[in-house]
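Worksheet: one structure, shown below.
The values are calculated or read from the model by the stated rules, or taken from the named source; none is laboratory data. Fair warning: this is a prediction, and the values are worked out from it, not measured in the lab. Note that each Cβ is placed from the backbone with ideal geometry, even for glycine, and that neighbours are counted across all protein chains shown.
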Amino acid sequence: MSSSMQYQPASNQHDQYRPEWVREDFVDFIAEKFNPVWAWKKVKATIIKSRAIGQDFYQIQLRPNRNFKQQQFKAGQSILVTVDIAGVRQQRSYSVVKFLANGDMIIAVKQQGKVSNVLTQLAFGSIVELSQAQGEFILDNSSEPLLLLASGSGITAIYSILLEALQPSKRPIDLIYFTRDEAFHADLEQLHQQHVQFNYHYINTVARKQHLTAELLEGLVPDFQQRQSFACGANAMMQSLNQIFQDLNISAQLKQEYFQIAVDESLEVQPIIFLRSQQTFEAKSNLLESAEQAGLKPTHGCRMGICNTCTCTKVSGSTKNMLTGEIDHGSNTQIKLCISQAVSPVTINL
Ligand code: FES
C-alpha cells in the first residue's frame, strides 16, 4: 500500500509535465508583425479615441483584442494598463466606466502620475497592454436602497456601479458627487431625468466650499443609515466618511475603494529586511515605493491594493494598512507592499 502510494506522485508529476513546444513570446513576436494588437494570450487594446471631460481628465476609448473576457467584467472593477516608458514597463489601475455595444471599453484617466500622463498623450491607434478586469468593489445581489459617494476621479467606478444598479430594479439610489469640474455631470443629470428612483446631488467644490459631514448626509439622504453604501474618492472625503460611519457603528454597510493612498507622515523611517534576497533598506512611504527607491524591484501591478500582485509574507514587525489604518503586529501574516507602511522594523520574506 505504502509503496503504491509512493509511486503515485511520481506518475502525477510525469503526467503534469508539459514541454513548452511553442513559446508565447515567440508567437506574440510573429503575430505582432501582422497586426500589433494580435497576441496568443495577452490582452492588448488599441486606443480608438480620447476626449477631455474635465480639467486634466480624459475619457479614453479602448478596443481590446479577443483575449479580454468582457463577460466576466462586473461594474466597479478596474483594469491594469501597461505602457512602455523609456523602455520600462509601467502599470496603473483604472476603473472601467462602461462598455459600448461593439465591445469597446471606456476608461477615464486623470492626468496624474507617469502612466496617466503617457496614456493621455498616446496617438490614436497606439497599442497598450491590459489585464483582465479585477477587484471586489462590486454590487451584490441585494435590492436595498443605495447611497453612492464620489469625489474627483472616484466618479468613474461609482458611475459604472450606478449604471449597473439602475438596470434591473427600482431600488432608490442617491449619489453625492463632490467635484471641481463638470466631468460626468451632464450624463448624471440625464440619468436623473430618466430614472425616478435616482436622486443626484452635485456639489461643485469651486462654487461652494462644502465638505462631507454627518449633517450634510442626513440633510440629503435622511435614511442613509439604512442603505448599502459605496464610496470612491479623495482622502479627505474618505476619511470623513469612515469617521461618520464608525461613529454610527454602521461601517459594515460601507464598501469603499481608494484612488489615492495617504502616507502617515507622523511615522518614523524604519529599517526593512527582505529576507531571501538579503537586502535592507529604509522605509518612510509605502513599502513598495521605498523598496523601489532603494533599487529593488518587487513584483507589483495596480499599486492601489486591488490586484494582490505585491502580496507577500511579513515575517516580523508591525505595519499599517494605509487604506484602513489597521496596524498588523502579527508574525507570518500576508501584507500588500503597496498599501503598507512600516510602524517598526520589519522583515519580509522576499
Ligand atoms: S500592486 Fe496591486 S495590490 Fe499591490
Filter pass, His185 being at pLDDT 95 or above and touching a Ser or Thr at 6+ places or on another chain (Cβ under 8 Å): yes
Conditions first: (1) within 23 Å of the chain's Cα centre (by Cα); (2) assigned to a strand (DSSP E or B); (3) among the polar types (S, T, N, Q); (4) over 28 Å from Ala133 (Cβ atoms). Thr280 passes all but one, so which condition is the exception? (1)
Six or more apart or on different chains, Cβ atoms under 9 Å: show the pairs whose first residue is in the range 250-271 and touching a residue at least 12 places away in the same chain (Cβ under 8 Å) and closer than 15 Å to Phe224 by Cα and whose second is loosely packed, with under 14 Cβ neighbours inside 10 Å and of a type in the set (Gly, Ala, Ser). none
Could you list, in sequence order, all residues of the range 243-254 that are part of a loop (DSSP other than H, G, I, E, B) and among the β-branched types (Val, Ile, Thr)? Ile250
Selection status of Glu257, at pLDDT below 95, more than 15 Å from the ligand (Cβ to nearest atom) and in a strand (DSSP E or B): no
Only unsatisfied item for Val115, checking (1) within 16 Å of the ligand (Cβ to nearest atom); (2) buried (at least 18 other Cβ atoms within 10 Å of the Cβ); (3) assigned to a strand (DSSP E or B); (4) not basic (Lys, Arg), is (3)
Enumeration of residues in the range 140-152 that are at pLDDT below 95 and either among the hydrophobic types (A, V, I, L, M, F, W, C) or surrounded by fewer than 20 Cβ atoms within 10 Å (Cβ to Cβ) (or both): Asp140, Asn141, Ser142, Ser143, Glu144
Could you list, in sequence order, all residues of the range 74-114 that are over 13 Å from the mean Cα position of the chain (by Cα) and among the aromatic types (Phe, Trp, Tyr)? Phe99
Residues of the range 299-334 that turn out to be more than 24 Å from Ser95 (Cβ to Cβ) and either within 14 Å of the ligand (Cβ to nearest atom) or in a strand (DSSP E or B) (or both), as a count: 11
Restricting attention to the range 90-117, which residues are free of Cβ contacts under 8 Å to residues at least 40 places away in the same chain and within 18 Å of Ser131 (Cα to Cα)? Gln90, Phe99, Val115, Ser116
If we take the range 130-242, then strands (runs of 3 or more DSSP E) inside it with 2 or more residues that are among the hydroxyl-bearing types (Ser, Thr, Tyr) are 173-179, 198-204
Would you mention how many residues in the range 204-237 are surrounded by 17 or more Cβ atoms within 10 Å (Cβ to Cβ) and touching a Leu at 6+ places or on another chain (Cβ under 9 Å)? 12
In the range 284-298, what residues are touching a helix residue (DSSP H, G or I) at 6+ places or on another chain (Cβ under 9 Å) and under 20 Å from Val81 (Cβ atoms)? Leu288, Glu289, Lys297, Pro298
Restricting attention to the range 282-298, which residues are within 13 Å of the ligand (Cβ to nearest atom), out of contact with any Lys or Arg (no Cβ under 7 Å at 6 or more places or on another chain) and closer than 27 Å to Phe137 by Cβ? Asn286, Leu287, Glu289, Ala291, Glu292, Pro298
For the range 238-265, give me the residue count where each residue is of a type in the set (A, V, I, L, M), touching a helix residue (DSSP H, G or I) at 6+ places or on another chain (Cβ under 8 Å) and surrounded by fewer than 14 Cβ atoms within 10 Å (Cβ to Cβ). 1
